[in-house]
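The values are calculated or read from the model by the stated rules, or taken from the named source; none is laboratory data. A quick note: this is a predicted structure, and the numbers were derived from the prediction, not measured. All Cβ positions, glycine included, derive from the backbone under ideal geometry; neighbour counts span all protein chains shown. With ligands, DNA and RNA removed, areas are computed over all heavy atoms of the protein, side chains included. Shrake-Rupley method; radii C 1.70, N 1.55, O 1.52, S 1.80 Å.
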Amino acid sequence: MLSIHVSKSRTKMNDTLLNVENLNIFFKSDKNPEPIHAVRDLSFSLKQGEMLGVVGESGSGKSITNLALMGILGDSAIIKAQECTFNNKNLLNLSEKEWQKVRGGEISMIFQDPMTALNPFLTVEFQLVETILAHIDCSKKEARERAIDLLSQVGITSPADRLKAYPFELSGGMAQRVMIAMAISTSPKLLIADEPTTALDVTIQKQILMLIKSLQIKNNMSVILVTHDLGVVSEFSERVQVMYAGEIVETAETKKLITYPHHPYTYGLLSSRPGAIETKPKSELPSIPGIVPAFHHRPAGCQFNPRCTNAQNDCLNQTIIIENGLRCLHPMAEK
Ligand SMILES: Nc1ncnc2c1ncn2[C@@H]1O[C@H](COP(=O)(O)OP(=O)(O)O)[C@@H](O)[C@H]1O
Ligand code: SF4
Ligand SMILES: [Mg+2]
């Protein structure tokens, strides 16, 4: 058995927490004899305490990648990777018992719509206390005290009273704060926030993102922040990866990528931003005609070629590999 020496249970700052090499996700389907190749050769890593922004239009494979990292993609999925290590554990080899410790314990997730993620028939107290008790060895009284403390940490006033509320009694922003409290209740090393503000009003969006950022710093927590808006990641994450049709097309430090986007898709995403933080998800971007191809209707060659203004003949007939963080044969010219 592989033995790894870790002096403390807590990973040190700047240590790699998550390392994914050549992750491929396929879906079995009754209609196709061959499984559909959804996510292709995804490689990325995340340090302890770092926030990685993941950007791309709907259908880029952002959520299925996250669900794979949480071990909840379902039986129709086939996951293959050269490496998928989290906190020195191979996620591809975990037993269900080990997953129960990792999922919701060491890795937590907040979803787009808090109202669908919370159980409408159970009080905040029940849901929060049960989550704490499932992962932390403590009494019910201690779990309740922790729940009150967590609600106050996420900016909920009169937290003891709010514990008694049912989800329908909460506003969207308040419900998302409860979801965040649940997600951080087990002191996860990694928080995956999958479009956490898309369902919220524009003013609340920024508050929630600032809350996630402050918790990341305070708890030295790693965060994968998924959004369709490059503006959001430019404000909050240290690094960005841009996904298109199940592939990473560009990845770089946020400042570098925003200042000088090399990939025509990244350039298009930036150009299509009307202003500050977006309010609605888009299936079609104004400056990039067309939509993300379905995984079972992929174009030959570069996946972006039908929409790309830089496309040339050599883009149409070969698989484009990612090199130095860029998957493109004819990048945008430097200004
Ligand atoms: N169980 C599944 N079987 C087949 N295809 C799936 C399954 N789950 C997701 N997909 C495909 O993956 C596509 C998008 O993946 P998703 O990760 O949700 O994209 P994003 O989060 O970037 O919008 C869906 O449009 C769908 O075609
Ligand atoms: S490889 Fe070609 S088609 Fe693809 S993004 Fe680059 S220029 Fe466009
Ligand atoms: Mg999604």
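List of remarks:
- Stokes-Einstein D in µm²/s, Kirkwood radius over Cα pairs - the stretch 59-153 at 20 °C with 1.002 mPa s viscosity: 139
- Cα gyration tensor shape of the stretch 10-169, rounded if a/c is under 1.5, else prolate or oblate by comparing a/b with b/c: prolate
- Angstrom value of the Kirkwood radius, inverse mean 1/r, which spans all Cα pairs in the stretch 139-210: 12.9
- Rg followed by Dmax, in Å, when the stretch 108-241 is reduced to its Cα trace: 14.2, 43
- Between the Cα long axis of helix 140-153 and the first principal axis of the chain there is an angle of about 50°, rounded to the nearest 10.
- Per-residue 3J(HN,Hα) values for the stretch 78-88, derived from phi via the Karplus relation 6.51 cos²θ - 1.76 cosθ + 1.60 with θ = phi - 60°, read 10, 10, 10, 7, 6, 8, 8, 10, 10, 6, 6 Hz in sequence order (x marks Gly and Pro).
- Backbone HN-Hα couplings from phi across the stretch 200-214 [Karplus 6.51/-1.76/1.60, Hz, Gly and Pro as x]: 10, 4, 4, 6, 6, 3, 5, 4, 5, 5, 5, 5, 4, 4, 5
- For the residue pairs Lys80/Lys101; Lys89/Lys140; Lys62/Lys213; Lys28/Lys62, the C-alpha atoms sit more than 24 angstrom apart in Lys89/Lys140.
- When its C-alpha radius of gyration is set against 2.2 N^0.38 Å (N residues), the chain gives a value of 1.02.
- Extension gain for the segment Asp113 to Thr16, taken as residue separation times 0.36 nm less the Cα-Cα distance, is 31.9 nm to one decimal.
- Annotation for the stretch 241-270: chymotrypsin sites (Phe, Trp or Tyr not before Pro) lying in DSSP loop with at most 14 further Cβ atoms inside 10 Å of their Cβ do not exist.
- Taking only protein heavy atoms and a 1.4 Å probe, the accessible area of the stretch 57-187 is 51% carbon and sulfur.
- Estimated inter-spin distance, Glu238 and Ala333, nm [label 7 Å along Cα→Cβ]: 3.6
- Solvent-accessible heavy-atom area per residue, rounded to whole Å², over the stretch 61-213 at 1.4 Å: 46
- Short-range pairs are left out: with C-alpha atoms under 8 Å and at least six residues apart, the relative contact order of the stretch 72-200 is 37 percent.
- Protection-proxy order for peptides 200-207, 41-48, 236-243, 135-142, each taking the mean of Cβ atoms within 10 Å per residue, highest first: 236-243, 41-48, 200-207, 135-142
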